[in-house]
Structures are given as C-alpha cells and as structure tokens.
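What follows is a set of notes on a single structure, which appears directly below.
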Amino acid sequence: MIEHAIIISCDDDIALGSYFQECANFARIIFQTQEQISLTEIKGSNCHRVYVDLKMPEECMILTIFSHGTARAFVCENQPFIDEDTKHINNKVVYTNACLVGQDFGNTLSTLNGVFIGYKAETEVFLTAEPIDKRQFIECDTYAIIYLFERRISLRELESKMVDKFNIAIKKLKAKHTADTNVMASMLTVARDNFVVLGNLDISLVEQVNH
C-alpha cells in the first residue's frame with residue numbers, strides 16, 4: 001500500500017516560483033483524494049539537501065517535485081538538493097516537471113528499482129498566458145498523478161494516457177488560432193515529445209510497491 005508521499009516545490013524561485021506552487025497546489029488536491037496517504041510538503045528555502053534528507057522517510061513511496069533540474073539532479077537556487085545519492089532514493093517513484101532529469105537521474109533511479117515520470121529535455125511554460133490557457137500547462141504537469149493509484153493501469157498505459165492528455169491540450173490551444181496559443185501549443189508539443197516513464201512499465205505502481 002502507498003502510505004506516504006512528499007510534494008516539493010521551489011516556490012521562491014524568481015522566474016517560476018509561482019508556477020511551481022500552482023502545480024504543487026494541484027498535486028495536493030489529487031493526493032488528498034487518497035485517504036490512506038500521509039502527505040509531507042517541502043517548500044522554498046527548505047529545498048536543500050540536508051532538510052530533504054531529514055524529511056525523507058524510508059517508507060515514503062512517491063516524490064512529486066516541481067523545480068528546476070539538470071541531467072543528474074533537482075536544483076533550487078542553483079544548488080542540487082536531490083540526486084542519485086539522496087538518502088532512501090532507491091525504490092521511490094519520482095514524478096516531476098523539472099527539465100532534463102529524465103536523462104541520467106531517471107535512468108539511474110530505474111536501475112534502483114524505482115520509477116521516474118517526467119522530462120528528459122528542456123521544456124518551457126508560457127507564464128503570461130491567460131489563466132484558462134496556463135491551466136493546460138499545469139494539468140499536463142500533474143495529470144498522471146491520478147493514475148498512480150490505479151491498480152489496473154500499467155505504467156506503460158499511464159505513459160500513453162499522458163500523451164493523450166498532451167494532445168488534447170495542444171488541440172485546444174491550436175483551435176484558438178492566436179499567435180500566443182500557437183506558441184503554447186508548440187511548447188506543449190516539445191514537452192509531450194520529451195515526456196518519459198522509466199522503470200518496469202508492464203505493471204501498475206500499486207503492483208510495483210507490492211512487488
């Protein structure tokens with residue numbers, strides 16, 4: 001059973017802090033629909049290695065992280081705070097909107113019996129979008145969380161559902177036929193094409209936890 005999850009948001013980032021916080025708020029709502037989940041949140045100035053190690057219980061199964069990233073680590077204020085050497089990182093499910101982390105970190109996590117769900121390259125957010133359009137980015141960055149608790153949906157199917165979600169969002173934006181929404185659609189196309197799920201894709205997360 002999945003009993004503990006952590007949401008980390010680098011919400012004091014100058015450029016994307018408010019967006020990271022909006023994603024964290026959306027993720028919190030999803031997690032709160034799961035009565036068995038004990039939820040911990042780490043924000044802002046607490047997004048550093050010592051504090052994260054302190055707050056990372058071994059039994060925590062899901063890390064949801066909204067921050068910047070590099071190929072090897074999650075970064076806040078240019079300082080890495082989670083990487084492959086982080087305490088208890090093996091066996092974890094890491095769900096993130098951070099750029100690039102699906103490269104080295106994601107592949108390493110999958111070899112440690114973990115699961116990585118996120119991006120393998122740079123992605124962008126249209127920060128000045130109208131709220132209804134900006135919501136397309138937030139929903140795409142958090143959508144797959146709802147499927148983490150579905151026993152009948154394998155991680156491979158989860159990946160497919162995320163592609164479908166991106167396609168729906170892209171279609172909605174293109175249908176508006178404005179310069180801004182066309183740019184947003186292009187941004188989400190890049191995100192879709194660089195979204196990855198790494199780990200044992202033939203079973204659900206629930207089965208992975210009990211494996």
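Taken together, the values in this text are just the output of simple stated rules run on the coordinates, not laboratory data. The model shown is predicted, which means the values in this text are computed figures rather than measured ones. Positions of Cβ are backbone-derived with ideal geometry, glycine not excepted, and every protein chain shown enters the neighbour counts.
Dipole magnitude of region 1-48 about its Cα centre, charges +1 at Lys/Arg Cβ and -1 at Asp/Glu Cβ only, in debye to the nearest 20?
So the dipole magnitude of region 1-48 works out to roughly 20 debye.
Mind checking the angle between helix 179-193 and the chain's longest principal axis? C-alpha axes, 0 to 90 degrees, to the nearest 10.
30 degrees
For Ser18 and Thr111, what is the calculated FRET efficiency with R₀ set at 35 Å and r taken between the beta-carbons, to the nearest 0.05?
For R0 = 35 Å, the calculated efficiency reads 0.50.
Out of the DSSP beta bridges found with both residues in the chain, what percent are antiparallel (nearest 5)?
Close to 35 percent.
Of Ala71, Thr86, Thr96, whose Cα points farthest to the positive end of the dipole of the chain (charges on the beta-carbon: +1 Lys, Arg; -1 Asp, Glu; origin at the Cα centre)?
The residue sitting farthest along the positive end of the dipole is Thr96.
Roughly how tilted is helix 131-142, in degrees to the nearest 10 and between 0 and 90, from the longest Cα axis of the chain?
Tilt of helix 131-142: around 30 degrees.
Straight-line reach from Lys174: which lysines have a Cα under 23 Å away, not including same-chain ones fewer than 8 places off?
Hits, sequence-local ones excluded: Lys134, Lys161, Lys165.
Taking H placed 1.01 Å from N in the peptide plane, check which residues at least 5 places from Val115 or on another chain put their amide H under 5 Å from its amide H.
Under 5 Å from the amide H of Val115: Lys92, Val93, Val94.
As a test of the formula, what do you get for the chain when each DSSP H run with n ≥ 4 contributes -39,500 (n - 2.57) and the sum is divided by the residue count, at 222 nm and rounded to the nearest 500 deg cm²/dmol?
It lands at -12000 deg cm²/dmol.
Cross-link candidates for Lys176: which aspartates and glutamates have Cα within less than 17 Å, leaving aside residues fewer than 8 places away along the same chain?
The qualifying aspartates and glutamates are Glu130, Asp133.
Could you list Ser160, Ser154 so that the one with the fewest beta carbons within 10 Å of its beta carbon is first and the one with the most is last?
Exposure proxy ranking, most exposed first: Ser160, Ser154.
Estimate the FRET efficiency between Asn182 and Asn91 by the formula 1/(1 + (r/R0)^6), using the beta-carbon distance for r and 35 Å for R0, to the nearest 0.05.
0.25
Taking neighbour Cβ counts within 10 Å as the exposure measure, how do Tyr147, Tyr95 sort from fewest upward?
The most exposed by this proxy come first: Tyr147, Tyr95.
If I model a spin label as a point 7 Å beyond the Cα along the Cα-Cβ vector, how far apart are those points for Val190 and Glu3 in nm?
Label at Val190, label at Glu3, 4.3 nm between them.
Grab the other residues whose beta carbon is less than 10 angstrom from that of Tyr19, score K and R as +1, D and E as -1, and report the net.
Charge balance in the 10 Å sphere: -3.
Within region 10-33, which residues have the backbone N less than 18 Å from the label spot 7 Å out from Lys55 along Cα→beta-carbon, could you tell me?
Zone members listed by number: 10-14, 17-32.
Return the distance in nm (one decimal) between the two label points of a simple spin-label model at Ala175 and Glu77, each offset 7 Å from Cα along Cα→Cβ.
4.4 nm
Give me the angle, in degrees from 0 to 90, between the Cα long axis of helix 17-31 and the longest principal axis of the Cα atoms of the chain, rounded to the nearest 10.
For helix 17-31, the angle is close to 60 degrees.
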